[in-house]
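Some notes on the structure that comes next.
The values are calculated or read from the model by the stated rules, or taken from the named source; none is laboratory data. This structure is a prediction, so every number in the text was calculated from the model and none was measured. When we count neighbours, we look across all protein chains shown, and the Cβ atoms used for this are built from the backbone with ideal geometry, even at glycine. Surface accessibility is based on the protein's heavy atoms, side chains included, excluding ligands, DNA and RNA. Shrake-Rupley method; radii C 1.70, N 1.55, O 1.52, S 1.80 Å.
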Amino acid sequence: KNYVLDLATLSFGKTRSERPVLQVLGEGMGPSLSLTLPAFFLAELMGIFFALFAALFRGTKIDRVIVVSSVLLMSVSPVAFILFGQKWFCADWSYFPISGYSGGLLAAAYLAMPILLYVIISLGPNIRFNRIVVLDEIGQDYVRTARAKGLPRNSVLFKHVLRNAMIPLITHWVVAIPTLYLGSLLLESFFGIPGLG
């Protein structure tokens, strides 16, 4: 009973270092969301773009290249992407800071590489999922009706298919909301970002 009451009143107690849990969550939420929100939206937009592109050229070499590339991206460990990114782009070429975090606009320099890596890591699964959703919609009766009426292929794809494909995509995004708040454990650990991850 007390546990449920504490949850309802947002009284989470204290950490092992005697700090209020709510204060720790509040401090880590900003850095986590500043990493995951732009990375998530960018990854989803790119996933939808490539999925529509693959569906538009279904069965062609372009479709096969996109599918094979997404499978290859899914096959590589996220830790490998992070290590290669830190080695080449941060240590060898000095394009980005190798770790650390700063508030305000200066955070962009520290977040650019983690965001790029988040997009690369997420792109494979996103393309595969989005492509399946789009192809499922393309096989529906309303698409055949629209084509029979003589609508252009791009109009059918973007005005009809994409609109109906948004239903499972939005469901997928809603499920991902808790992970955005909690941040990315690997990226925050490797890049020294003081988020919730």
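Take the conditions (1) open to solvent by 30 Å² or more (accessible area, probe 1.4 Å); (2) at pLDDT 90 or above; Asn130 misses just one of them, which is (1).
Contact annotation: residue pairs with Cβ atoms under 7 Å, 6 or more positions apart or on different chains, pairing a residue in the range 148-163 that is touching a residue at least 12 places away in the same chain (Cβ under 8 Å) with a partner that is open to solvent by 40 Å² or more (accessible area, probe 1.4 Å), are Val156/Arg147; His160/Tyr142. Taking the criterion of being among the aliphatic types (A, V, I, L, M), within 30 Å of Asp136 (Cα to Cα) and at pLDDT below 85, the residues of the range 165-196 that qualify are Ala176, Ile177, Leu180. Cβ-Cβ contacts under 9 Å between residues 6 or more apart (or on different chains), taken from a first residue in the range 4-15 that is over 17 Å from Gly26 (Cβ atoms) and free of Cβ contacts under 8 Å to residues at least 12 places away in the same chain to a second residue that is outside any helix (DSSP H, G or I) and among the hydroxyl-bearing types (Ser, Thr, Tyr), are listed as Leu5/Ser11.
Conditions tested, residue by residue: (1) open to solvent by less than 90 Å² (accessible area, probe 1.4 Å); (2) within 22 Å of the chain's Cα centre (by Cα).
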{"residue": "Val4", "(1), (2)": "no, no"}
{"residue": "Ala8", "(1), (2)": "yes, no"}
{"residue": "Thr15", "(1), (2)": "yes, no"}
{"residue": "Pro20", "(1), (2)": "yes, no"}
{"residue": "Val24", "(1), (2)": "yes, no"}
{"residue": "Glu27", "(1), (2)": "no, no"}
{"residue": "Gly30", "(1), (2)": "yes, yes"}
{"residue": "Leu35", "(1), (2)": "yes, yes"}
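Of the set (1) in contact (Cβ under 8 Å) with a residue 24 or more places away in the chain; (2) in a loop (DSSP other than H, G, I, E, B); (3) among the aromatic types (Phe, Trp, Tyr), all apply to Tyr118 but (2). Of everything listed in (1) of a type in the set (Phe, Trp, Tyr); (2) at pLDDT below 85; (3) not in a helix (DSSP H, G or I), the single unmet condition for Tyr101 is (2). Pull up the range 60-96, narrow it to residues that are out of contact with any helix residue (DSSP H, G or I) (no Cβ under 6 Å at 6 or more places or on another chain) and part of a loop (DSSP other than H, G, I, E, B), then point me to the one that is most open to solvent (accessible area, probe 1.4 Å). So, considering only residues that are out of contact with any helix residue (DSSP H, G or I) (no Cβ under 6 Å at 6 or more places or on another chain) and part of a loop (DSSP other than H, G, I, E, B), the one most open to solvent (accessible area, probe 1.4 Å) is Trp93. Of all residues in the range 97-114, those satisfying the criterion of being open to solvent by less than 60 Å² (accessible area, probe 1.4 Å) and not polar (S, T, N, Q) are Pro97, Gly100, Gly103, Ala107, Ala109, Leu111, Ala112, Met113, Pro114. Out of the residues in the range 133-164 meeting the condition of being in a helix (DSSP H, G or I), small (Gly, Ala, Ser) and surrounded by fewer than 14 Cβ atoms within 10 Å (Cβ to Cβ), tell me which one is modelled with the highest pLDDT. Checking each candidate, the answer is Ala148. Filtering Phe40, Phe53 for residues that are free of Cβ contacts under 8 Å to residues at least 24 places away in the same chain, among the aromatic types (Phe, Trp, Tyr) and in a helix (DSSP H, G or I) leaves a single hit, Phe53.
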